[in-house]
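> Please find one structure pasted underneath; my questions will follow.
The values are calculated or read from the model by the stated rules, or taken from the named source; none is laboratory data. All values reported here derive from a predicted model rather than from experimental measurement. FYI the Cβ positions are ideal-geometry reconstructions off the backbone, even for glycines, and counts take in every protein chain you see. Surface areas here come from the heavy atoms of the whole protein model, side chains and all, with no ligands, DNA or RNA. Shrake-Rupley method; radii C 1.70, N 1.55, O 1.52, S 1.80 Å.
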Amino acid sequence: MSVRCCASCGAAESDAITLTTCDACNLVLYCDEACRELHKPEHGAACKRKKLAERDKMLFRQPESNHMGDCPICLLPLPFDGLQYTLFPCCSKTICNGCDYAIEKSERKSGSKHTCPFCRHPVAQSVKEAKRDIKKRVKKNDRVAIRQMGLGLRKEGNYDGAFEYLSKAADLDDVEAHYQLSIMYQKGHGVEKDEEKEAYHLEVAAIAGHPKARHNLACIEGNNGRQKRAMKHLLISASLGDDLSLEELKIEYATGRYVSKEDFAAALRAHQAAVDAMKSPQRDEAAGGPTWAWVRTGDGGTLGQ
């Protein structure tokens, strides 16, 4: 039977001594904080390697779907192209164009006013009304509404306010807020440029299935000479249905350096499957139908007609 001992002083666990694991790596045990601090110089390198390995394991795991999730009406995967869905400020629900278009058609025929397909609240008829609805959701601590407030402020040039709202939304686990914060850190809008924080927010978003965040991580890795890691990111984002990542994989596959025939073929199949899963007859009809001037929020969180 093995005996659990403190990694620093060697004291064995007993009724009088309770050992606790290193919070960062769970590799070693300590009897108290003094031993933990004393052992840091010796343990630090192994601890860091373990943390990086665990982070990479999580980072390079293929997400089941993109960060948008499913349309709450038809339950099909939402496209991540902002022109193919509507974010309704009344309830902060994102509805695919197919479902929104079908309800609009029915309401037009009956002569009734357009309502939100999810909560049935009348659709805002002006930007002012849309902002009013978003503010109501912000008061309820709705992370999507908080993010939209941040994006609106950023569009107005209020970067300090935008950072405050986006940070709060990110703290509430809003994936898009993490991605938008990475852009602020990249460009230095409202904050000092910080590559480490940019990468952190990109990683959080990528793990949650954000294709653009994953693509940006690939660019960072490629620019730093880590081509194999860059290709891993592109394979994942392409498999989520990202067209740009697939095109870049095609270029790398043609060089024969970092993308194998098997990996490229698998990415092609996964990309097509992801794209097909986001299609429906209703969405196809909406793409070819007339554009009606309802006020809505689109990609990037801006309000307009």
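> Checking ALA286 against (1) open to solvent by 80 Å² or more (accessible area, probe 1.4 Å); (2) at pLDDT 90 or above; (3) closer than 24 Å to HIS114 by Cα, only one condition comes out false. Which one?
(1)
> Right, LYS93: without any contact (Cβ under 8 Å) to a residue 40 or more places away in the chain and either closer than 27 Å to MET278 by Cα or polar (S, T, N, Q) (or both) or not? Full working, then the answer.
Values: without any contact (Cβ under 8 Å) to a residue 40 or more places away in the chain: yes; either closer than 27 Å to MET278 by Cα or polar (S, T, N, Q) (or both): yes.
Yes.
> I need a count of the residues in region 101-120 that are open to solvent by less than 70 Å² (accessible area, probe 1.4 Å) and farther than 19 Å from CYS74 by Cβ.
Selection size over region 101-120: 2.
> If the requirement is being among the small types (Gly, Ala, Ser) and outside any helix (DSSP H, G or I), which of these qualifies: ALA162, ALA124? Give the steps one after another, and end with the answer.
Working: ALA162 fails: outside any helix (DSSP H, G or I).
Going through ALA162, ALA124 in turn, the sole match is ALA124.
> Taking the options CYS90, CYS22, name whichever one is among the hydrophobic types (A, V, I, L, M, F, W, C) and open to solvent by less than 20 Å² (accessible area, probe 1.4 Å).
CYS22
> Another one. Kindly provide the set of residues from region 169-202 that are at negative phi, not acidic (Asp, Glu) and not in a helix (DSSP H, G or I), ordered by number.
Once the filter is applied, which keeps residues that are at negative phi, not acidic (Asp, Glu) and not in a helix (DSSP H, G or I), region 169-202 yields LEU172, HIS189, VAL191, LYS193.
> Could you grab the pairs with beta carbons closer than 8 Å, sequence gap of 6+ or different chains, first residue in region 134-159 and without any contact (Cβ under 8 Å) to a residue 24 or more places away in the chain and under 16 Å from ASP171 (Cβ atoms), second one basic (Lys, Arg) and surrounded by fewer than 19 Cβ atoms within 10 Å (Cβ to Cβ)?
MET149/LYS135
> Restricting the search to region 25-42, which residues are open to solvent by less than 100 Å² (accessible area, probe 1.4 Å), closer than 30 Å to LYS57 by Cβ and in a loop (DSSP other than H, G, I, E, B)?
CYS25, LEU27, VAL28, CYS31
> Here is a list: ILE73, ILE103. Which entry is of a type in the set (A, V, I, L, M), touching a residue at least 40 places away in the same chain (Cβ under 8 Å) and more than 21 Å from LYS197 (Cα to Cα)?
On inspection, the qualifying residue turns out to be ILE73.
> Another one. Based on what the data block shows, is MET184 surrounded by 14 or more Cβ atoms within 10 Å (Cβ to Cβ), within 24 Å of CYS219 (Cα to Cα) and in contact with a Phe, Trp or Tyr (Cβ under 7 Å, 6 or more places away or on another chain)?
Yes, satisfied.
> Here's another thing I want to ask about it. Within region 250-263, is even one residue out of contact with any Gly (no Cβ under 7 Å at 6 or more places or on another chain), surrounded by 15 or more Cβ atoms within 10 Å (Cβ to Cβ), assigned to a loop (DSSP other than H, G, I, E, B) and modelled with pLDDT of 95 or more?
Within region 250-263, not a single residue is out of contact with any Gly (no Cβ under 7 Å at 6 or more places or on another chain), surrounded by 15 or more Cβ atoms within 10 Å (Cβ to Cβ), assigned to a loop (DSSP other than H, G, I, E, B) and modelled with pLDDT of 95 or more.
> Please give the number of the condition GLY241 fails out of (1) assigned to a helix (DSSP H, G or I); (2) touching a strand residue (DSSP E or B) at 6+ places or on another chain (Cβ under 9 Å); (3) buried (at least 23 other Cβ atoms within 10 Å of the Cβ).
(1)
> Identify, from the list GLY82, GLY98, GLY69, the residue that is at pLDDT below 90 and open to solvent by less than 40 Å² (accessible area, probe 1.4 Å).
Values: GLY98 fails: at pLDDT below 90; GLY69 fails: at pLDDT below 90.
Unique residue meeting the criteria: GLY82.
> Out of GLY82, GLY69, report the one residue that is out of contact with any Asp or Glu (no Cβ under 6 Å at 6 or more places or on another chain) and among the small types (Gly, Ala, Ser). Give the derivation first.
Details: GLY82 fails: out of contact with any Asp or Glu (no Cβ under 6 Å at 6 or more places or on another chain).
Answer to the selection: GLY69.
> Here is a further query. Return only the number of the condition from (1) crowded, with 21+ Cβ neighbours inside 10 Å; (2) closer than 22 Å to GLY161 by Cα; (3) among the aliphatic types (A, V, I, L, M) that ALA218 does not satisfy.
Failed condition: (2).
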